[in-house]
Amino acid sequence: MRQANDIVVEVLHRMRGWVVPGVTTAELDHRAEQVILSRGATPSFKGYPPGSARPFPATITTSVNEELVHGIPGPRVLKEGDIISIDVGAILDGYHGDGAVTLPVGEVDQESRDLIAVTEGALDAGIGAARADNRSGDISAAIQTYVEERGYEVVREYTGHGIGRKMHEEPQVPNHGRPGQGVALRPGMTIALEPMVLISSPRVRVLEDHWTVVSRNGKRTAHCERSIAVTEDEADILTRW
Ligand code: MG
């Protein structure tokens with residue numbers, strides 16, 4: 001799992017250089033796929049979920065501005081001032097890695113910078129609560145509290161998740177919850193935590209492409225994700241960058 005996540009980290013790290021005004025999201029997808037394949041891994045999202053009528057058609061998800069998660073790469077050209085969430089999944093030797101960042105495209109406004117900072121802070125707060133003597137609800141509550149105390153909203157419909165031989169395993173780790181509830185965390189459990197943060201309202205809808213999740217109010221959103229392993233002590237961050 002560590003190696004699968006190393007590949008995810010490599011892609012996300014390179015994205016910081018690739019995300020510039022003028023690039024298309026399809027180009028980012030192509031470059032990500034080249035890295036994943038060159039490391040002997042397979043993209044997790046492409047064709048997911050297997051057997052469905054509308055499997056995800058690309059290697060990464062690219063969600064721009066009001067798009068929260070699951071945006072489909074395509075001909076869209078990134079503009080100075082946009083923000084983009086990029087989610088990367090890779091399978092290596094049967095194990096999954098999963099991670100995401102929201103990046104600025106060139107110079108972005110203060111509202112966007114604050115939004116991204118709160119989302120990253122929420123992820124750190126969630127990781128801080130991911131300890132062997134805690135429950136999954138402690139992670140959820142830590143994320144929700146961090147976000148709401150700063151005047152932002154967390155999504156309700158999409159969650160973090162256990163990860164390992166499958167991309168989505170038990171337990172679900174919502175971005176909202178109560179301390180002391182949910183699944184007991186045990187050393188060795190591997191979980192992908194992914195705060196999704198909105199402005200003014202937590203409401204979202206799915207576009208007609210059946211994938212892209214956007215804020216209902218059209219305001220910008222942010223999302224970031226790391227896979228971690230629960231230990232007796234502080235969580236071991238598998239997607240560290
Ligand atoms: Mg995930």
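The values are calculated or read from the model by the stated rules, or taken from the named source; none is laboratory data. Note that the structure is a prediction, hence the values are computed from the model and not measured. Side chains are part of the model used for accessible areas, which takes the heavy atoms of the whole protein and leaves out ligands, DNA and RNA. Shrake-Rupley method; radii C 1.70, N 1.55, O 1.52, S 1.80 Å.
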Inset, instruction - Using only the alpha carbons of the chain, determine the length spanned along each of the three principal axes and report them from longest to shortest in whole angstroms. - result: 47, 42, 34
Legend entry - Which of M189, M1 is most accessible, then next, and so on - probe 1.4 Å: M1, M189
Inset, instruction - May I ask you to rank E194, E80, E169 by accessible area, largest first, using a 1.4 Å probe over the protein chains only? - result: E80, E169, E194
Legend entry - Heavy atoms of K46: accessible area, 1.4 Å probe, square angstrom to 10: 100
Legend entry - Surface accessible to a 1.4 Å probe, E148 within the full protein complex, Å²: 80
Inset, instruction - State the volume of the convex hull built on the alpha-carbon positions of the stretch 92-144, expressed per residue in Å³ and rounded to an integer. - result: 96
Legend entry - Reachable lysines from K166, criterion Cα separation under 17 angstrom, eight or more residues apart if same chain: K46
Legend entry - Cα Rg over Rh - the stretch 56-119, Kirkwood: 1.03
Inset, instruction - Show which aspartates and glutamates lie in cross-link reach of K79 when reach means a straight Cα distance below 18 angstrom and same-chain residues fewer than eight apart are skipped. - result: E27, D29, E66, E67, E107, D109, E111
